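Student: If you scroll down you'll find the structure; I have some questions about it.
Taken together, the values in this text are just the output of simple stated rules run on the coordinates, not laboratory data. What you see is a predicted model; the values in this text were computed from it and never measured. Virtual Cβ from ideal backbone geometry, glycine too; neighbours counted across all protein chains shown.
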Amino acid sequence: MYTCKDAINLLLDFLDGEMTPEESQHLREHLSGCAPCVDFLRTYRATPGLCKRAMAQQMPKEVSTKLTEYLRARIKSAS
Ligand SMILES: [Zn+2]
């Protein structure tokens, strides 16, 4: 079973368009038993403007840390 960190790493890869069917299956298995990650994904998809603070309040610390890193990299590459 994947940990939240594994799942979020996969999710972030997926958002960049990369996920094998095997990874997708592992991710689905994790999401089926992990409400915080489901919330993360739902919030992420539902928030075009990426309200980082709102999401962080609902995420496990390791998830929010990973997301913060991701957003930071995104912001840096976009500017
Ligand atoms: Zn999880």
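Student: Under the rule of at least 5 residues apart or a separate chain, name every residue whose amide H is placed under 5 Å from the amide H of Tyr2.
Tutor: Amide H neighbours of Tyr2: His30.
Student: How would you order 31-39, 62-70 from highest to lowest mean count of nearby Cβ atoms within 10 Å?
Tutor: 62-70, 31-39
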